[in-house]
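Notes to accompany the following structure.
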Amino acid sequence: MAHILVIEDEPSVAIALRDSLESEGHFVTVASDGGEGFQRASTEVFDLILLDLMLPKMSGLEICQRLRANEIETPIIMLTARGASSDAAFGLKLGADDYIPKPFDVGELLARIEAVLRRSSRQQSEKNIFYIGNVQLDLRRLKATRNGEPLDLSPREFEILQLLIAHSGETVTREQLLHHIWGEHASLFTRTIDAHITRLRQKIEPNPANPEYIITAHRVGYRLVGS
Ligand code: CA
């Protein structure tokens, strides 16, 4: 399942795209003009963008160019007019991943989407990029953003997340976390870990009092879900 942003001003095309993507199990957000599309693509996390080129307020090519200039690497498939191969070539040069001419065959579009998603998840895991909700973590460069804004995480917080991500869905004990972060001779109390987790939740959870991602395993440790 992927979260796909459809930027398309033609309601009938947007609805048809939403229906066929949802029937494949994807989650779809529609933006109906270029301004809204650019805004959402810049501030929310999507797995893929389907981008119409002729849009009110901001053209598809401009959206593509501005996202890439802002280092937003969400894969983009452009919806081009049939015969407008110069647009397609220009779009690819600006950083789009693929294009499909309108009117498109739904089966072909779905196949292209799967191919682009597969390629991008491979590239992301090679680059060590992970998502927890709207938080993007670059574990290689130790950089994080939340809704596209820089998020300040300490090196220890990155280490905690790294271990939780490596065991995503499984419970990691407080002792494992202590050992991972402070090494063999860690003589700190396990509640040090709890204090770090509390601070981390304040940084990454939508509602830190009721965590969605870093779940407490009572008396044992913590488990990361939904990343
Ligand atoms: Ca259009």
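Yes/no matrix, rows are residues, columns are (1) in contact (Cβ under 8 Å) with a residue 24 or more places away in the chain; (2) under 19 Å from the mean Cα position of the chain (by Cα); (3) over 14 Å from Ile77 (Cα atoms); (4) within 11 Å of the ligand (Cβ to nearest atom):
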| site | (1), (2), (3), (4) |
| --- | --- |
| Ile4 | yes, yes, no, no |
| Glu8 | yes, no, no, yes |
| Ala14 | no, no, yes, yes |
| Thr29 | yes, yes, yes, no |
| Ser32 | yes, no, yes, yes |
| Ser42 | yes, yes, yes, no |
| Val45 | yes, yes, yes, no |
| Ile49 | yes, yes, no, no |
| Gly60 | yes, no, no, yes |
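Applying the selection to the stretch 61-85, what residues are closer than 21 Å to Glu108 by Cα and surrounded by fewer than 14 Cβ atoms within 10 Å (Cβ to Cβ)? Write out each step before concluding.
Quick first cut of the stretch 61-85, residues closer than 21 Å to Glu108 by Cα only: 74-85.
Hits for the stretch 61-85 are Arg82, Gly83, Ser85.
Is it true that some residue in the stretch 179-202 is under 30 Å from Leu67 (Cα atoms) and at pLDDT below 95?
As a first pass, look at the stretch 179-202 and keep what is under 30 Å from Leu67 (Cα atoms): 200-202.
Restricting the remaining residues to those that are at pLDDT below 95 gives none.
Taking every residue of the stretch 179-202 in turn, none turns out to be under 30 Å from Leu67 (Cα atoms) and at pLDDT below 95.
Among the residues of the stretch 112-166, how many are of a type in the set (Val, Ile, Thr) and in contact (Cβ under 8 Å) with a residue 60 or more places away in the chain? Walk me through it before giving the result.
To start, the set of residues in the stretch 112-166 that are of a type in the set (Val, Ile, Thr) comprises 113, 116, 129, 132, 135, 145, 160, 165.
After this cut, where a residue has to be in contact (Cβ under 8 Å) with a residue 60 or more places away in the chain as well, the list is 113, 116, 132, 135, 165.
Qualifying residue count, the stretch 112-166: 5.
Look at the stretch 16-27 and say how many of its residues are over 29 Å from Ala144 (Cα atoms) and more than 16 Å from the ligand (Cβ to nearest atom).
Narrowing the stretch 16-27 to residues over 29 Å from Ala144 (Cα atoms): 16-24.
Then keep just the ones that are more than 16 Å from the ligand (Cβ to nearest atom); that gives 19-24.
Going through the stretch 16-27 one residue at a time, the tally reaches 6.
Among the residues of the stretch 212-223, write down those that are touching a helix residue (DSSP H, G or I) at 6+ places or on another chain (Cβ under 7 Å) and at pLDDT below 95.
Quick first cut of the stretch 212-223, residues touching a helix residue (DSSP H, G or I) at 6+ places or on another chain (Cβ under 7 Å) only: 213-214, 221-222.
The answer is Gly221, and nothing else.
Identify the residue in the stretch 62-72 that is hydrophobic (A, V, I, L, M, F, W, C) and touching a helix residue (DSSP H, G or I) at 6+ places or on another chain (Cβ under 8 Å) and, among all such residues, is nearest to the ligand (Cβ to nearest atom). Break it down into steps so the answer makes sense when it comes.
Going residue by residue through the stretch 62-72, those that are hydrophobic (A, V, I, L, M, F, W, C) are 63-64, 67, 69, 72.
So of that shortlist, the ones also touching a helix residue (DSSP H, G or I) at 6+ places or on another chain (Cβ under 8 Å) come out as 63-64, 67, 72.
Details: Ile63: 12, Cys64: 14, Leu67: 18, Ile72: 22 Å.
The selected residue is Ile63.
Taking the condition among the aromatic types (Phe, Trp, Tyr), surrounded by 15 or more Cβ atoms within 10 Å (Cβ to Cβ) and farther than 20 Å from Ala81 by Cα, does Phe46 pass? Steps first, answer last, please.
Working: among the aromatic types (Phe, Trp, Tyr): yes; surrounded by 15 or more Cβ atoms within 10 Å (Cβ to Cβ): yes; farther than 20 Å from Ala81 by Cα: yes.
Judged against the criteria, Phe46 is a match.
Take the stretch 156-177 and flag every residue that is within 22 Å of the chain's Cα centre (by Cα) and in a helix (DSSP H, G or I). Spell out the reasoning first.
As a first pass, look at the stretch 156-177 and keep what is within 22 Å of the chain's Cα centre (by Cα): 157-170.
Within the stretch 156-177, Glu157, Phe158, Glu159, Ile160, Leu161, Gln162, Leu163, Leu164, Ile165, Ala166 meet the criteria.
Considering the stretch 62-89 alone, what residues qualify as being under 18 Å from the mean Cα position of the chain (by Cα) and of a type in the set (D, E, K, R)? Walk me through how you get there before you give the answer.
At the first step, the residues of the stretch 62-89 found to be under 18 Å from the mean Cα position of the chain (by Cα) are 63-64, 66-77.
Listed by number, the residues that qualify are Arg66, Arg68, Glu71, Glu73.
The values are calculated or read from the model by the stated rules, or taken from the named source; none is laboratory data. What you see is a predicted model, and the numbers here were worked out from it, not measured in a lab. Positions of Cβ are backbone-derived with ideal geometry, glycine not excepted, and every protein chain shown enters the neighbour counts.
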